[in-house]
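The values are calculated or read from the model by the stated rules, or taken from the named source; none is laboratory data. Source: prediction; values computed, not measured. Cβ coordinates were reconstructed from backbone atoms using ideal geometry, including for glycine residues, and neighbour counts include every protein chain displayed.
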Amino acid sequence: MKFLLENGELQERLRLINTPEGIVAVAYQFGYHFTAADLINHFAETLLQADDAQTVILFDSFGWDFAFMPGVIKHVHAPIPTNL
């Protein structure tokens, strides 16, 4: 996602976008081609590869609320980690 940091106009256009599909559509207009799943997988990999402090910063920067996590897990039928 380095291209995002280098393109102020793209950053401005993405400011109000709040879905992966919206990001993909805007990025496509700037010549970048990837899927919503590619974007999400990249973010997930970034979280997994970061050190603990950076992982928390990245997670918090999206304003996610842990109160929603059980619903998300249930919705995607993901196994609940037992070591938390």
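Against the condition at pLDDT below 85 and outside any helix (DSSP H, G or I), how does Leu58 come out, does it pass? Outline the logic, then answer.
Values: at pLDDT below 85: yes; outside any helix (DSSP H, G or I): no.
Here the answer is no, as Leu58 does not meet what is asked.
Filter the stretch 23-58 for residues that are surrounded by 14 or more Cβ atoms within 10 Å (Cβ to Cβ) and under 13 Å from the mean Cα position of the chain (by Cα) and give the result.
If the condition is that a residue be surrounded by 14 or more Cβ atoms within 10 Å (Cβ to Cβ) and under 13 Å from the mean Cα position of the chain (by Cα), then Ile23, Val24, Ala36, Leu39, Phe43, Thr55 are the ones that fit.
Based on what the data block shows, is Thr19 modelled with pLDDT of 90 or more and of a type outside the set (A, V, I, L, M)? Outline the logic, then answer.
Working: modelled with pLDDT of 90 or more: no; of a type outside the set (A, V, I, L, M): yes.
Spelling it out, it is not the case that Thr19 is modelled with pLDDT of 90 or more and of a type outside the set (A, V, I, L, M).
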